[in-house]
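Notes follow once the structure below has been shown.
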Amino acid sequence: MTVMAHPDDAELWAGGTIARHVQNGGTATITVTKTDPIRAAEATAGAQILGADLYLLDALTPATISTLLTEVRPDIVITHSTDDIHPEHRRCAEHVLAALPEVVITTGHPNRVYHCDGYNNLDQHGKPLHLPTIIDTTDQWSTKIAALQAHTSQPILDHFGPMAETLSRLHGMRIGVSHAEAFRALPVLGRVPAAEGL
């Protein structure tokens, strides 16, 4: 499950990983804030291209996130960095972290939580985000871009698309593939995942 601030965030920061997970037989859920009908339709189209379910919440708060996590019980959650450049991304991540302890104690899920990349791989202080878990998304690149391009109200061709290409190639070079996405594991009740992959 991704819990992101905006309708195009899951596609931009984790679209290849979501598509890879679904293609390997897993299920995926995208959770974002409900904004307007146009962006809701774009979010629906993007999720369908990735093969993911979609939850549009009226607001992302610790309470709404807690309720959703308790109902869905995902094994993995991906959200923004708490040090992201965008203030709404930071708030989303903080709300996820606030919801986690009680949900994990009650349900045992999620087992793993990750921060995703951000604008040009920089935090709010201008330093590169530390994202040591890198997922090969070469085979999912075209699916990711198609899902991202479903967000026609956003500056995909001139802004987000080229940035996604640059970041994907940067992370891909780090593991010797053409395209990849990068993440950082967060402790869940003091535990981090043993594996290097999601």
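The values are calculated or read from the model by the stated rules, or taken from the named source; none is laboratory data. Keep in mind that what you see is a predicted model, and the values were worked out from it rather than measured. Every residue, glycine among them, receives a Cβ derived from its backbone with ideal geometry; neighbour counts consider all protein chains shown. We work out accessible area using only protein heavy atoms, side chains counted, and drop any ligands, DNA or RNA first. Shrake-Rupley method; radii C 1.70, N 1.55, O 1.52, S 1.80 Å.
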Just to confirm my numbers, what's the Cα centroid distance between the range 1-51 and the range 68-133 in Å?
15
State whether the range 30-126 is rounded, prolate or oblate according to the following rule on the C-alpha gyration tensor (a ≥ b ≥ c being the square roots of its eigenvalues): a/c under 1.5 gives rounded; otherwise a/b larger than b/c gives prolate, and the remaining case gives oblate.
oblate
With +1 at each Lys and Arg Cβ and -1 at each Asp and Glu Cβ, the charge dipole magnitude of the chain around its Cα centre, to the nearest 20 debye, comes out at 360
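What is the packing order of peptides 161-168, 109-116, taking the mean over residues of other C-beta atoms within 10 Å and listing the highest first?
109-116, 161-168
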Counting only protein heavy atoms, what percent of the accessible surface of the chain is carbon or sulfur at a 1.4 Å probe?
54
Once you put a point 7 Å from the Cα of T152 and another 7 Å from the Cα of L189, both along the Cβ direction, what distance in nm separates them?
4.7
Suppose all protein chains stay in the model; what accessible area per residue would a 1.4 Å probe give for the range 56-165, in Å²?
46
Taking the Cβ-Cβ separation of D36 and R174 as r and a Förster radius of 45 Å, what is the calculated FRET efficiency to the nearest 0.05?
0.75
